[in-house]
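Report on the structure given below.
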Amino acid sequence: MKKVLFIDRDGTLVIEPATDYQIDSLEKLEFYPGVFQNLAKIAKELDYELVMVTNQDGLGTESFPEETFWPVQNKIVRAFENEGVIFADIYIDKSFPHENLPTRKPGTAMLNKYLYGEYDLKNSFVIGDRPTDVELAKNLGAKSVLISGNDCPDADLTAADWSEIYSYLKQIPRRAHVSRKTSETNIDITLNIDGSGKSSISTGLGFFDHMLEQIAKHGNMDLTVDVKGDLHIDEHHTVEDVGIALGAAFQDALGSKKGIERYGFCLPMDDCLAQVAVDFGGRPWLVWQVGFRREKIGEVPTEMFMHFFKSFSDNAKCNLNIKAEGENEHHKIEGIFKAFAKALKHAVRHTDNFIIPSTKGSL
């Protein structure tokens, strides 16, 4: 799902004239200090769609004719485009404050596309200079950044300048939360790809919990998994559905996959050699070359491990190639999970090349 930065224009991208607060001529146009270099870094390095949302009081009236507005607006847009900052959409409300129309910020009527489309609003931001921008964020279900000397306790961040906004957005970890409830299982997963290896796992299957802990520990990710499954029937639904939900969490957390390694790859464990290769290329596929001589390890049927990785692959939209050889069955599957964690850690790692790692331009 796409994340969005809804950015106010006057007072945020450009400085409002203190005389009349109207930028109705090129002579009045002055850009906010630091906005070009920092917004350009945001556009290049981070995974947000940029949208300009602004109120222009009475635009198109005798007091503010459109022919004085558009040369300034077009100049602003071209200036940002020259710095690599492209606005996916631009929304301009022309009403007066007293008209209180739903299209006017903090109303959301102009932004229905984002309310009902496939957008991750809870991890999106409204960036502005007034409390109405903070209120717009609240109405959208997004977060807010206020670039202003005026403190607003409801804002998620009150920033002194654009460099502080860039630093704040840059350090936000890649997170996802997936809840999946069926007649067979009730699963709640929280994933922080940029975590430190912490985990809290409760599936009702002790050995499976231990394996999922390997993903967090050796992948250096934070992971909580809480499952209430129909274990009175058997283990199948619990193991398979955790794979589905965990794969979906990775798909959500990685977003467009901009700037990641994409590929990851092997691990010896005593008598065993486990090899796991992953490609977050958008095409699910599982190669599974693992044989077991035991029916169960702990409470988990060995046949279910293939189902877990197949479910993960399908929902994370990744290619997994898994091989293991050795004598000890416990070592074999634990080696696979550790190698899987290391492959994930490598594949999701940020690079210094802030592009989508594909000649197609999308994954």
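Quick notes on this one:
- Per-residue ellipticity at 222 nm, computed for the chain from helices alone with -39500 (n - 2.57) per DSSP H run of at least four residues, works out to -10500 deg cm²/dmol.
- Close amide H partners of G58, meaning residues 5 or more places away or on another chain with modelled amide H under 5 Å apart, are S95, F96.
- 14 Å beta-carbon shell around F96, net charge (K/R +1, D/E -1): -1
- Approximating the spin labels as points 7 Å out from Cα along Cα→Cβ, the I356-to-E184 distance works out to 3.3 nm.
- Cleavage-rule hits, GluC sites (Glu not before Pro), the stretch 121-188, DSSP coil, Cβ neighbours within 10 Å at most 15: E184
- Each Cα pair under 8 Å and six or more residues apart adds its sequence gap; the mean of these over the residue count of the stretch 7-78 is a relative contact order of 39 percent.
- Full extension of the chain segment joining Q171 with Q37 gains 46.5 nm, where the gain is 0.36 nm per residue of separation less the Cα-Cα distance.
- The stretch 48-127: GluC sites (Glu not before Pro) in DSSP coil with no more than 13 other Cβ atoms inside 10 Å: E62, E118
- The stretch 1-123: C-alpha gyration tensor shape, a/c 1.5 cut-off, then a/b vs b/c: oblate
- At R0 = 45 Å, FRET efficiency that the Cβ-Cβ distance of E27 and Y263 yields, to 0.05: 0.25
- Which of H98, G34, P357, positive extreme of dipole for the chain (C-beta unit charges): P357
- Inter-centroid distance (Cα atoms) of the stretch 219-242 relative to the stretch 1-51, Å: 45
- Backbone N atoms of the stretch 15-32 closer than 20 Å to the 7 Å Cα→Cβ label point of N74 belong to residues 23-31.
- Placing +1 on each Lys and Arg Cβ and -1 on each Asp and Glu Cβ, with no other charges, gives the stretch 175-347 a dipole about its Cα centre of roughly 760 debye.
- Contour minus Cα-Cα distance for L115 and L101 (0.36 nm per residue): 3.3 nm
- Percent RCO, i.e. relative contact order, over the stretch 54-141, from Cα pairs under 8 Å lying at least 6 residues apart: 27
- Taken about its Cα centre, the chain carries a charge dipole of roughly 1000 debye when the Cβ of each Lys and Arg holds +1 and the Cβ of each Asp and Glu holds -1.
- Tensor-based shape of the stretch 170-212 (alpha-carbon gyration tensor, a/c under 1.5 rounded, otherwise prolate or oblate): oblate
Just so you know, all these numbers are worked out from the coordinates, no wet-lab data involved. None of the values given here were measured: they were computed from a predicted structure. Reconstructed Cβ throughout: ideal geometry from the backbone, glycine too, with neighbour counts over all protein chains shown.
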